[in-house]
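Worksheet: one structure, shown below.
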Amino acid sequence: MAKATDHEVVSIYPFSDAQINELMTKAPECVLMWSTKDHWPVGVVHSFVWHDGKVWLTFANHRHRAAAIRRDPRVSVAITGRTLAPDDTPKGQATMKGRAVFHEDRATKEWFYRALSKKQSPNDPVGEQDFYNLLDSPLRTVLEIVPEKWITFDAGKSARHRAGTLPESEMGPKLNSDTERLEAERKQRGLA
């Protein structure tokens, strides 16, 4: 059973690789985040495709994010299983730290535009083609984001742990933030 103070410990509720794959496949949107020239973090909501273990999305080359990401390809992507996602999507969130690669070639644009259009209109061929036509612009670029690190939180595991029904075998290890850093913060606040 969870202790009263365990609500601060969340690193023990990671998604499995299968859950990450399911979340990334089913979630309709993500937040792409990058750093501006003056080091401000910025994020924009994007529709995306999860393909070959990578996030793929698109925007016009004249957007500030294109120049910023070309300058520094380190980006993050945040996804939630709560908003707009189908009911059977894993609940919680995943943040991916990764490196971005730009694609301008026609073959990549064609498969990606088709994949994103099908995801947006899975049962509507007319809507799919309309969206494809909207995307198919010479000003667009396709961004591939290759994951380097995941930060995840499985809300279902957390709820089951609080209810006393989560086996220890399903918990992950406590990370530094929930051991050393948590104890240092408690001590600093006189809570140790």
> Do any GluC sites (Glu not before Pro) in segment 71-130 lie in a DSSP loop with no more than 15 other beta carbon atoms within 10 Å, and if so, which?
Replying inline: E104
> By a straight-distance test (C-alpha under 30 Å), which lysines pair with K91 as possible cross-link partners, with residues fewer than eight away in the same chain excluded?
Replying inline: K3, K26, K54, K118, K119, K149, K157, K174
>> Can you give me the distance in nm between label points at A18 and S169, each placed 7 Å from the Cα along the Cα-to-Cβ direction?
In response: 1.3
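Sum -39500 (n - 2.57) across every DSSP H segment of at least 4 residues in the chain, then divide by the residue count to get the 222 nm mean residue ellipticity, nearest 500.
-9500 deg cm²/dmol
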>> Among I69, A94, N21, whose Cα projects farthest towards the positive end of the dipole of the chain, with charges put on the beta-carbon of Lys, Arg (+1) and Asp, Glu (-1)?
In response: I69
>> For segment 1-77 and segment 152-192, what is the centre-to-centre distance using only Cα atoms, to the nearest Å?
In response: 22
> Size of the dipole of the chain about the Cα centre, Lys and Arg at +1 and Asp and Glu at -1 on the beta carbon, nothing else charged, in debye to 20?
Replying inline: 580
> How much length is gained if the chain between W40 and E180 is pulled fully straight, taking 0.36 nm per residue apart and subtracting their Cα-Cα distance, in nm to one decimal?
Replying inline: 47.6 nm
> Between L116, L182, L139, which gets the highest mean-square fluctuation from a Gaussian network model of the chain, Cα cutoff 10 Å?
Replying inline: L182
>> Whole percent per 5 Å bin, from 0 to the bin with the longest distance: what is P(r) over all C-alpha pairs of segment 60-192?
In response: 2, 8, 11, 12, 16, 15, 11, 8, 7, 6, 3, 1, 0
> Where in segment 45-61 is the amide nitrogen less than 17 Å from a point lying 7 Å along the Cα-to-Cβ axis of V101?
Replying inline: 49-58
>> Return the Rg/Rh ratio of segment 1-142 with Cα-based radii and a Kirkwood Rh.
In response: 1.02
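Every read-out reported here was derived from the displayed coordinates using simple, explicitly stated rules and does not represent laboratory data. Predicted model, so just to flag it, every value in this text is computed and none were measured. Neighbour counts are summed over all protein chains in view; Cβ atoms, including those assigned to glycine, are modelled from backbone coordinates with ideal geometry.
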